[in-house]
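Enquirer: Before I ask anything, let me first share the structure, which is written out below as C-alpha coordinates.
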Amino acid sequence: MKFTFVTLFKNIMQGYFTDSILKRAIDKKLLNVNYLNPRDFTNNKHQKVDDTAVGGGAGMVMNPQPLFSTLDFLKKEDKDVHIVFLTPVAKQFTQNDAKRLAKKSHIAFVSGRYEGIDERVIENYADEVFSIGDYILTGGELASLVICDSVSRNLSDVLGNADSLRVESFETELLEAPSFSKPKDFKNNLVPSEYLKGNHSRIRSLKLVLSECKTKFFRPELFLKYNCTKVVDFLPKKTKH
(Lines give C-alpha, C1' and ligand atoms only; values in the text may rest on other atoms or scores of the structure.)
Protein backbone atom coordinates (compact mmCIF):
# COMPACT_ATOMS: atom_id res chain seq x y z
CA MET A 1 0.00 0.00 0.00
CA LYS A 2 1.09 3.55 -0.68
CA PHE A 3 0.57 6.46 1.71
CA THR A 4 1.04 10.07 0.67
CA PHE A 5 1.09 12.80 3.29
CA VAL A 6 0.16 16.29 2.11
CA THR A 7 1.76 18.42 4.79
CA LEU A 8 3.74 21.60 5.39
CA PHE A 9 5.89 19.81 7.98
CA LYS A 10 7.09 16.43 6.75
CA ASN A 11 10.02 16.50 9.22
CA ILE A 12 7.49 16.07 12.03
CA MET A 13 6.30 12.83 10.46
CA GLN A 14 9.31 11.08 8.98
CA GLY A 15 10.74 9.87 12.26
CA TYR A 16 7.70 7.71 12.94
CA PHE A 17 8.69 5.40 10.10
CA THR A 18 12.32 4.89 11.16
CA ASP A 19 11.70 2.18 13.79
CA SER A 20 9.58 -0.79 14.76
CA ILE A 21 6.74 -2.40 12.81
CA LEU A 22 6.19 0.24 10.12
CA LYS A 23 9.92 0.49 9.41
CA ARG A 24 10.05 -3.27 8.83
CA ALA A 25 6.95 -3.05 6.62
CA ILE A 26 8.65 -0.39 4.49
CA ASP A 27 11.84 -2.46 4.28
CA LYS A 28 9.76 -5.45 3.10
CA LYS A 29 8.06 -3.15 0.55
CA LEU A 30 4.65 -3.72 2.09
CA LEU A 31 4.34 0.05 2.57
CA ASN A 32 5.47 3.00 0.51
CA VAL A 33 5.46 6.45 2.13
CA ASN A 34 5.65 9.73 0.23
CA TYR A 35 5.25 13.44 1.07
CA LEU A 36 3.93 16.45 -0.83
CA ASN A 37 4.38 20.00 0.48
CA PRO A 38 1.77 22.55 -0.71
CA ARG A 39 4.48 25.24 -0.54
CA ASP A 40 6.07 23.58 -3.56
CA PHE A 41 2.85 24.19 -5.53
CA THR A 42 2.00 27.75 -4.54
CA ASN A 43 1.92 30.61 -7.04
CA ASN A 44 3.03 33.02 -4.32
CA LYS A 45 6.66 34.07 -4.75
CA HIS A 46 7.17 33.95 -0.98
CA GLN A 47 5.69 30.41 -0.84
CA LYS A 48 2.88 31.70 1.35
CA VAL A 49 0.04 29.20 1.77
CA ASP A 50 -2.32 31.00 4.18
CA ASP A 51 -4.35 34.19 4.41
CA THR A 52 -6.89 35.91 6.63
CA ALA A 53 -10.37 34.41 6.87
CA VAL A 54 -13.09 35.91 4.69
CA GLY A 55 -15.79 37.33 6.95
CA GLY A 56 -13.40 37.88 9.83
CA GLY A 57 -12.31 35.71 12.68
CA ALA A 58 -9.12 34.84 14.51
CA GLY A 59 -6.15 33.18 12.85
CA MET A 60 -5.24 32.32 9.28
CA VAL A 61 -6.76 29.82 6.83
CA MET A 62 -4.89 27.67 4.30
CA ASN A 63 -5.41 29.02 0.77
CA PRO A 64 -7.22 26.93 -1.84
CA GLN A 65 -4.71 27.44 -4.68
CA PRO A 66 -1.68 25.54 -3.27
CA LEU A 67 -3.85 22.63 -2.19
CA PHE A 68 -5.85 22.53 -5.43
CA SER A 69 -2.57 22.37 -7.37
CA THR A 70 -1.07 19.76 -5.02
CA LEU A 71 -4.08 17.48 -5.20
CA ASP A 72 -4.46 17.92 -8.97
CA PHE A 73 -0.86 16.77 -9.30
CA LEU A 74 -1.55 13.82 -7.01
CA LYS A 75 -4.64 12.72 -8.94
CA LYS A 76 -2.79 12.96 -12.25
CA GLU A 77 -0.14 10.65 -10.81
CA ASP A 78 -2.76 8.18 -9.56
CA LYS A 79 -6.42 8.62 -10.47
CA ASP A 80 -7.39 5.96 -7.90
CA VAL A 81 -5.84 7.70 -4.88
CA HIS A 82 -8.22 7.87 -1.91
CA ILE A 83 -7.98 11.36 -0.38
CA VAL A 84 -8.63 11.75 3.35
CA PHE A 85 -8.81 15.07 5.19
CA LEU A 86 -8.17 15.30 8.94
CA THR A 87 -10.33 17.76 10.84
CA PRO A 88 -12.27 17.87 14.11
CA VAL A 89 -15.36 18.72 12.02
CA ALA A 90 -15.93 15.13 10.88
CA LYS A 91 -17.07 11.66 11.86
CA GLN A 92 -14.84 9.87 14.34
CA PHE A 93 -12.41 7.30 12.96
CA THR A 94 -13.05 3.70 14.11
CA GLN A 95 -11.49 0.25 13.84
CA ASN A 96 -14.02 -0.65 11.17
CA ASP A 97 -12.77 2.30 9.11
CA ALA A 98 -9.20 1.05 9.54
CA LYS A 99 -10.09 -2.41 8.23
CA ARG A 100 -12.03 -0.96 5.31
CA LEU A 101 -9.28 1.48 4.32
CA ALA A 102 -6.71 -1.33 4.44
CA LYS A 103 -8.27 -2.58 1.19
CA LYS A 104 -7.25 0.59 -0.67
CA SER A 105 -4.09 0.70 -2.76
CA HIS A 106 -3.17 4.37 -2.18
CA ILE A 107 -4.35 6.74 0.54
CA ALA A 108 -3.42 10.42 0.75
CA PHE A 109 -3.81 12.28 4.05
CA VAL A 110 -4.24 16.05 3.88
CA SER A 111 -3.12 17.75 7.08
CA GLY A 112 -4.49 21.18 7.88
CA ARG A 113 -2.69 23.89 9.84
CA TYR A 114 -3.53 27.31 11.31
CA GLU A 115 -7.32 27.69 11.67
CA GLY A 116 -7.97 25.05 9.07
CA ILE A 117 -8.31 24.48 5.33
CA ASP A 118 -10.43 26.52 2.94
CA GLU A 119 -13.67 24.52 2.75
CA ARG A 120 -13.66 24.59 -1.05
CA VAL A 121 -10.63 22.29 -1.06
CA ILE A 122 -12.46 19.71 1.05
CA GLU A 123 -15.62 19.96 -1.06
CA ASN A 124 -13.70 19.37 -4.28
CA TYR A 125 -11.23 16.68 -3.26
CA ALA A 126 -12.29 14.79 -0.14
CA ASP A 127 -13.20 11.13 -0.51
CA GLU A 128 -13.52 10.95 3.27
CA VAL A 129 -13.10 13.27 6.24
CA PHE A 130 -12.12 12.00 9.69
CA SER A 131 -11.61 13.19 13.25
CA ILE A 132 -9.61 11.11 15.75
CA GLY A 133 -11.37 12.54 18.80
CA ASP A 134 -13.19 15.41 20.44
CA TYR A 135 -10.16 17.64 21.01
CA ILE A 136 -8.09 20.11 19.01
CA LEU A 137 -4.52 19.62 17.74
CA THR A 138 -2.18 22.21 16.25
CA GLY A 139 -2.28 20.40 12.92
CA GLY A 140 -3.47 17.28 11.15
CA GLU A 141 -0.10 15.51 11.03
CA LEU A 142 -0.53 13.52 14.25
CA ALA A 143 -4.04 12.51 13.23
CA SER A 144 -2.71 11.37 9.84
CA LEU A 145 -0.08 9.21 11.52
CA VAL A 146 -2.67 7.71 13.87
CA ILE A 147 -4.87 6.61 10.98
CA CYS A 148 -1.90 5.45 8.89
CA ASP A 149 -0.68 3.27 11.77
CA SER A 150 -4.14 1.84 12.41
CA VAL A 151 -4.69 1.03 8.73
CA SER A 152 -1.20 -0.41 8.21
CA ARG A 153 -1.45 -3.01 10.95
CA ASN A 154 -4.52 -4.44 9.20
CA LEU A 155 -2.50 -5.15 6.07
CA SER A 156 -1.40 -8.71 5.39
CA ASP A 157 2.08 -9.55 6.80
CA VAL A 158 2.64 -6.17 8.49
CA LEU A 159 2.20 -7.65 11.97
CA GLY A 160 4.45 -10.49 13.04
CA ASN A 161 1.45 -12.42 14.36
CA ALA A 162 -1.77 -11.77 12.49
CA ASP A 163 -3.75 -13.65 15.17
CA SER A 164 -3.24 -10.70 17.51
CA LEU A 165 -5.72 -8.70 15.43
CA ARG A 166 -8.55 -11.04 16.38
CA VAL A 167 -8.44 -10.40 20.13
CA GLU A 168 -7.95 -6.64 20.25
CA SER A 169 -10.28 -3.98 21.58
CA PHE A 170 -13.03 -2.87 19.19
CA GLU A 171 -13.03 -6.13 17.24
CA THR A 172 -16.25 -6.70 19.20
CA GLU A 173 -18.21 -4.27 21.38
CA LEU A 174 -15.91 -5.14 24.29
CA LEU A 175 -12.53 -3.73 25.26
CA GLU A 176 -9.65 -6.18 25.36
CA ALA A 177 -9.06 -8.19 28.54
CA PRO A 178 -5.98 -7.40 30.70
CA SER A 179 -2.67 -8.91 29.60
CA PHE A 180 0.11 -10.23 31.84
CA SER A 181 3.71 -11.36 31.33
CA LYS A 182 6.23 -13.26 33.43
CA PRO A 183 7.05 -13.36 36.31
CA LYS A 184 3.79 -14.54 37.83
CA ASP A 185 4.66 -12.71 41.08
CA PHE A 186 6.22 -9.26 40.82
CA LYS A 187 6.59 -7.32 44.08
CA ASN A 188 3.62 -9.20 45.55
CA ASN A 189 1.47 -8.38 42.52
CA LEU A 190 0.16 -11.71 41.24
CA VAL A 191 -1.08 -12.81 37.85
CA PRO A 192 -4.67 -14.14 38.20
CA SER A 193 -4.31 -17.78 39.18
CA GLU A 194 -6.73 -18.99 36.48
CA TYR A 195 -4.29 -17.76 33.83
CA LEU A 196 -1.66 -20.18 35.16
CA LYS A 197 -3.66 -23.43 35.19
CA GLY A 198 -3.63 -24.17 31.47
CA ASN A 199 -7.39 -24.62 31.15
CA HIS A 200 -7.98 -22.53 28.05
CA SER A 201 -11.76 -22.74 28.25
CA ARG A 202 -11.75 -21.30 31.78
CA ILE A 203 -9.16 -18.67 30.75
CA ARG A 204 -11.41 -17.54 27.89
CA SER A 205 -14.36 -17.32 30.28
CA LEU A 206 -12.37 -15.24 32.75
CA LYS A 207 -11.10 -12.96 30.00
CA LEU A 208 -14.67 -12.40 28.83
CA VAL A 209 -15.72 -11.39 32.36
CA LEU A 210 -12.72 -9.05 32.69
CA SER A 211 -13.47 -7.55 29.27
CA GLU A 212 -17.05 -6.90 30.33
CA CYS A 213 -15.87 -5.26 33.56
CA LYS A 214 -13.37 -3.01 31.77
CA THR A 215 -15.89 -2.01 29.13
CA LYS A 216 -18.62 -1.29 31.67
CA PHE A 217 -16.24 0.93 33.67
CA PHE A 218 -14.36 2.77 30.89
CA ARG A 219 -16.84 2.73 27.98
CA PRO A 220 -20.40 2.33 29.28
CA GLU A 221 -21.84 3.25 25.88
CA LEU A 222 -20.05 0.25 24.32
CA PHE A 223 -21.22 -2.00 27.15
CA LEU A 224 -24.80 -0.94 26.52
CA LYS A 225 -24.39 -1.78 22.83
CA TYR A 226 -22.87 -5.14 23.80
CA ASN A 227 -25.82 -5.95 26.08
CA CYS A 228 -28.29 -5.01 23.35
CA THR A 229 -26.49 -7.35 20.92
CA LYS A 230 -26.74 -10.20 23.42
CA VAL A 231 -30.49 -9.60 23.79
CA VAL A 232 -30.97 -9.65 20.01
CA ASP A 233 -28.96 -12.86 19.74
CA PHE A 234 -31.12 -14.42 22.48
CA LEU A 235 -34.39 -13.64 20.73
CA PRO A 236 -35.85 -16.46 18.64
CA LYS A 237 -35.21 -16.16 14.93
CA LYS A 238 -38.11 -15.84 12.53
CA THR A 239 -38.67 -18.91 10.42
CA LYS A 240 -40.38 -19.26 7.08
CA HIS A 241 -43.46 -21.46 6.93
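Rundown of residues vs (1) among the aliphatic types (A, V, I, L, M); (2) at pLDDT below 85, yes/no style:
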position	(1), (2)
GLU194	no, no
ARG204	no, no
SER211	no, no
PHE218	no, no
LEU222	yes, yes
TYR226	no, yes
LYS240	no, yes
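Enquirer: I need the full set of residues from the range 189-230 which are of a type in the set (Val, Ile, Thr) and surrounded by 14 or more Cβ atoms within 10 Å (Cβ to Cβ), in order please. Reasoning before the result, please.
Expert: To start, the set of residues in the range 189-230 that are of a type in the set (Val, Ile, Thr) comprises 191, 203, 209, 215, 229.
If the condition is that a residue be of a type in the set (Val, Ile, Thr) and surrounded by 14 or more Cβ atoms within 10 Å (Cβ to Cβ), then VAL191, ILE203, THR215 are the ones that fit.
Enquirer: Quick test of your reading of the structure: THR172 fulfils all but one of (1) of a type in the set (Val, Ile, Thr); (2) exposed (fewer than 12 other Cβ atoms within 10 Å of the Cβ); (3) assigned to a loop (DSSP other than H, G, I, E, B); (4) at pLDDT below 85. Name the failing condition by number.
Expert: The one condition THR172 does not meet is (2).
Every residue, every condition in (1) among the charged types (D, E, K, R); (2) assigned to a loop (DSSP other than H, G, I, E, B); (3) touching a Lys or Arg at 6+ places or on another chain (Cβ under 8 Å); (4) farther than 20 Å from PRO64 by Cα, yes or no:
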| residue | (1), (2), (3), (4) |
| --- | --- |
| LYS91 | yes, no, no, yes |
| ARG100 | yes, no, no, yes |
| LYS104 | yes, yes, no, yes |
| ILE122 | no, no, no, no |
| GLY133 | no, yes, no, yes |
| LEU142 | no, no, no, yes |
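Enquirer: Return yes when ALA90 is in the same structural domain as LEU145 (by TED's automatic domain parsing), of a type in the set (Gly, Ala, Ser), modelled with pLDDT of 95 or more and crowded, with 16+ Cβ neighbours inside 10 Å and no when it is not.
Expert: No; evaluated as a whole, the condition is false for this residue.
Enquirer: Could you check how many residues of the range 52-78 are loosely packed, with under 12 Cβ neighbours inside 10 Å and at pLDDT below 95? First the steps, then the outcome.
Expert: Step one: list which residues in the range 52-78 are loosely packed, with under 12 Cβ neighbours inside 10 Å, which gives 54-59, 76.
Keeping just the survivors that are at pLDDT below 95 gives 54-59.
Residues that pass the stated criteria total 6.
Enquirer: Among PHE85, PHE9, which is surrounded by fewer than 18 Cβ atoms within 10 Å (Cβ to Cβ) and closer than 15 Å to VAL110 by Cβ? First the steps, then the outcome.
Expert: Values: PHE85 fails: surrounded by fewer than 18 Cβ atoms within 10 Å (Cβ to Cβ).
Of the residues listed, the single one that is surrounded by fewer than 18 Cβ atoms within 10 Å (Cβ to Cβ) and closer than 15 Å to VAL110 by Cβ is PHE9.
The values are calculated or read from the model by the stated rules, or taken from the named source; none is laboratory data. On a predicted model such as this, the values are computed, not experimentally measured, just so you know. Note that each Cβ is placed from the backbone with ideal geometry, even for glycine, and that neighbours are counted across all protein chains shown.
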